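Following: one structure in structure tokens, then a few remarks.
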Amino acid sequence: MSDTGPGSGNQGTPRRPQPLHRFRRRFRPRTRPRFDGQSFNRLIPNILTMLGLCAGLVAIRFAIDGRWAPAAGMIVVAAVIDGLDGRLARLLKATSRFGAEFDSLADFLSFGVAPALVLYLWSMQAVGPLGFVPCLMFAVCSSLRLARFNASLDIGPAPKPAYSYNFFTGVPAPAGAGCALFPLFAGLALGEWGWEGTASVVRHPILVGIVLVTVGGLMVSTLPTWSFKNFRVPRAAILPLLLGVGLYVAMLVAEPWAALAAGGIIYLGMLPFSLKSYLTLKQEAEALIEQVPEPANGRP
């Protein structure tokens, strides 16, 4: 007798076993295709750097049209972006040599070329070809500072004492641009207040030229300046610092140009205290080294 019955699907025909590769294909986990390249998160710092570069170019465009307030505002926007892209790169672990070079080129244009051209078109061109000399010196000093930074990347970080990591060497490029634009900030604020006579004094090419040359010299100097990265605030100074920051933000909202001009004065006024703090830490470190006993016969 056959094993077929009325309930069988294929009567009289034995069922063939399915090949093994079909079962493997059915239960194989599906894999997503992988593409070569970087994740979008790692591109965010470079995108911000590009936006800062564009802000510097737009500032030059506004200055050519004689729109001084938007030109100054775009340089401030570039400074804010410059303060964010480096920190984001470290948080996202997206630091690279390309990013460092790109950031240096963007800083040169936004904080070296753009402020110099804006101030030349705003004030210095009134005295003829000689008015371009301070602007040129400022741009050259900015490029020298950035070149010194890039050279340190090639050579590698030189061994430095621990206390010096809280200080920059010279005034940073964004802070230098803000200090150099002090006459423009002050002139815009005085113009809004109706003090046209004082605004014309601030706009005088002699004052603007002195500011450009002085700030350019501070940028290429070896003056230690606070970096505020690992800066520790004493407990007694935390509350006054928070109140001061809140007062400055309120002033920035109410009178932005006056607040930016005051910020430049405050930063320049902090430089002597920065130098004093550096020298104090250096003396304390040297005193600790002198207290360490020398080993006898070359053995500790």
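Observations on the structure shown:
- Multiplying the residue separation of GLU255 and GLU284 by 0.36 nm and subtracting their alpha-carbon distance yields 6.2 nm.
- For GLY170, residues with placed amide H under 5 Å, excluding near neighbours: LEU223, THR225
- For region 41-282, the dipole from Cβ point charges (+1 on Lys and Arg, -1 on Asp and Glu) about the Cα centre works out to 880 debye, to the nearest 20.
- Gain in span if fully extended, ALA100 to THR214, counting 0.36 nm per residue against the direct Cα distance: 38.3 nm
- VAL127 paired with LEU92, simple spin-label distance in nm, labels 7 Å along Cα-to-beta-carbon: 4.5
- Distance between modelled label sites at TRP195 and LEU51, nm, 7 Å Cα→Cβ extension: 3.5
- Residue among PRO256, PRO224, LEU271 farthest towards the positive dipole end of region 216-293, charges placed on Cβ: PRO256
- Förster radius 45 Å - calculated FRET efficiency between ALA236 and ASP65 (Cβ-Cβ, nearest 0.05): 0.35
- Mean separation of Cα pairs under 8 Å and 6 or more residues apart, divided by the residue count, gives region 41-282 a relative contact order of 21 percent.
- Gained length - PHE40 relative to ILE265, 0.36 nm times residue gap less alpha-carbon distance: 77.0 nm
- Distance from region 73-104 to region 225-274 (C-alpha centre basis), Å: 22
- Residues ILE210, ILE60, ILE238 arranged by fewest to most Cβ contacts within 10 Å: ILE238, ILE210, ILE60
Any read-out appearing in this document is the output of simple, stated calculations on the displayed coordinates, not a laboratory observation. From a predicted model like this one, the values you see are computed outputs, not experimental measurements. Heads up, the Cβs are rebuilt from the backbone with ideal geometry, glycines too, and the neighbour counts pull from every protein chain shown.
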